[in-house]
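The values are calculated or read from the model by the stated rules, or taken from the named source; none is laboratory data. The structure displayed is predicted, hence computed values, not measured ones. FYI the Cβ positions are ideal-geometry reconstructions off the backbone, even for glycines, and counts take in every protein chain you see.
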Amino acid sequence: MDRGSRYSVPPKPVGMRVDVSGEAGRVTVRCGDVIVAEHDRAGRGVCVMRPEDVSELWKLSKAKCATPPPTWRLTGRHEVESPSLEVYGRIGVTESRTSVHVSATVALEAAS
């Protein structure tokens, strides 16, 4: 088996003992006598995920949340700090420098 590669399985066997084997370019995951996942063998360090495994896990995760997550909406309102040009002089920024770091904060509000 290629060490360092990761393969998804459905959430059902989480916490159970599984056997993983790699034969003929395939990786097979068994829980007892039941095959719970099969994947084409990937290169070292690769993560292989089946969409249906991720979907099932996402549904379980959402079901366990006590409160639903907020829905976010980009408001378009933003504030950008604009220090006086004196500040740049005090910290040694001169006209010969060609780049100045500028940061902006974008407001997010929970949608009603």
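Miscellaneous remarks
- Put simply, of Val14, Val36 the only residue that is out of contact with any Phe, Trp or Tyr (no Cβ under 6 Å at 6 or more places or on another chain) and free of Cβ contacts under 8 Å to residues at least 24 places away in the same chain is Val14.
- Taking the criterion of being among the acidic types (Asp, Glu), in a strand (DSSP E or B) and more than 13 Å from Ser5 (Cβ to Cβ), the residues of segment 18-40 that qualify are Asp19, Glu23, Glu38.
- Out of Gly15, Gly92, Gly43, one residue alone is at pLDDT 70 or above, at positive phi and part of a loop (DSSP other than H, G, I, E, B). It is Gly15.
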